[in-house]
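Chemist: Handing you a structure now.
The values are calculated or read from the model by the stated rules, or taken from the named source; none is laboratory data. These numbers come from a predicted model, not from an experiment. All Cβ positions, even for glycine, are placed from backbone atoms using ideal geometry, and neighbour counts span all protein chains on display. The area values use the complete protein model at the heavy-atom level, side chains included, leaving out ligands, DNA and RNA. Shrake-Rupley method; radii C 1.70, N 1.55, O 1.52, S 1.80 Å.
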Amino acid sequence: DSASVQRQDDNSSVIIAVQGFSDPGQRVGLAFDIDDGNLPNRAVYESQRSVIVTAVLAAHSGFGAVADSSDYIHSWMGVPLVFGGQTIGMLTLDKTELGFYTERHARMAETFAAQAAIALEHARLFEVTRQLNTQMSRQAEQLGQVIDTIADGIVLLDAHNGIILA
């Protein structure tokens, strides 16, 4: 009935995309403490395996409150997003029906999750590369300004190619 994609950010699992919620704008950015034993997320991150909870509100008392008015969710499945042996996030699937998810659902979701983990990691690496390119462009511009200002001179750079002395 609803689903989310969550990315690990330090000790939190942060929702980065949702489907099937009536208020998607309020869900994106919602963070869950990975160490919170009242939530099923912890088991997914610790085991790097899919977790099926047939009655999530009964098994995890804080689920409805922490998941921001998600007390209509009865069946829950969390699927790890694993890249390079590390869990980088998780896919969650929600159902209003009790006991809905099976191991067959988990295997199908794991196939999708493997591809999603690759896509998420590529997006992260693309963003890191973009930031490094922006930083290099700024430094090249600064160096160009120094060179244009001083006809003859020496530039002292730090280990990160930042200008220390010109």
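Residue-wise test of (1) hydroxyl-bearing (Ser, Thr, Tyr); (2) without any contact (Cβ under 8 Å) to a residue 24 or more places away in the chain; (3) farther than 30 Å from residue 84 by Cβ; (4) surrounded by 10 or more Cβ atoms within 10 Å (Cβ to Cβ).
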| residue | (1), (2), (3), (4) |
| --- | --- |
| 98 | no, no, yes, yes |
| 115 | no, yes, no, yes |
| 126 | no, yes, no, yes |
| 156 | no, yes, yes, no |
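Chemist: Could you check the stretch 72-94 and list, in sequence order, the residues that are open to solvent by less than 60 Å² (accessible area, probe 1.4 Å), part of a strand (DSSP E or B) and either aromatic (Phe, Trp, Tyr) or without any contact (Cβ under 8 Å) to a residue 60 or more places away in the chain (or both)?
Modeler: Hits for the stretch 72-94 are 75, 76, 77, 78, 79, 80, 82.
Chemist: While we're here: Can you tell me which residues in the stretch 30-59 are in a strand (DSSP E or B) and within 17 Å of the chain's Cα centre (by Cα)?
Modeler: Those that are in a strand (DSSP E or B) and within 17 Å of the chain's Cα centre (by Cα): 31, 32, 33.
Chemist: A further question follows. Let me confirm something: among 23, 9, which residue is surrounded by fewer than 17 Cβ atoms within 10 Å (Cβ to Cβ) and at pLDDT 90 or above?
Modeler: Every option except 9 fails the conditions.
Chemist: Here's another thing I want to ask about it. Residues 122, 160: which one is part of a loop (DSSP other than H, G, I, E, B) and out of contact with any strand residue (DSSP E or B) (no Cβ under 9 Å at 6 or more places or on another chain)?
Modeler: Testing whether each residue is part of a loop (DSSP other than H, G, I, E, B) and out of contact with any strand residue (DSSP E or B) (no Cβ under 9 Å at 6 or more places or on another chain) leaves just 160.
Chemist: If residue 97 satisfies all but one of (1) outside any loop (DSSP other than H, G, I, E, B); (2) of a type in the set (Asp, Glu); (3) farther than 11 Å from residue 4 by Cβ; (4) in contact with a strand residue (DSSP E or B) (Cβ under 8 Å, 6 or more places away or on another chain), what's the number of the condition it fails?
Modeler: (1)
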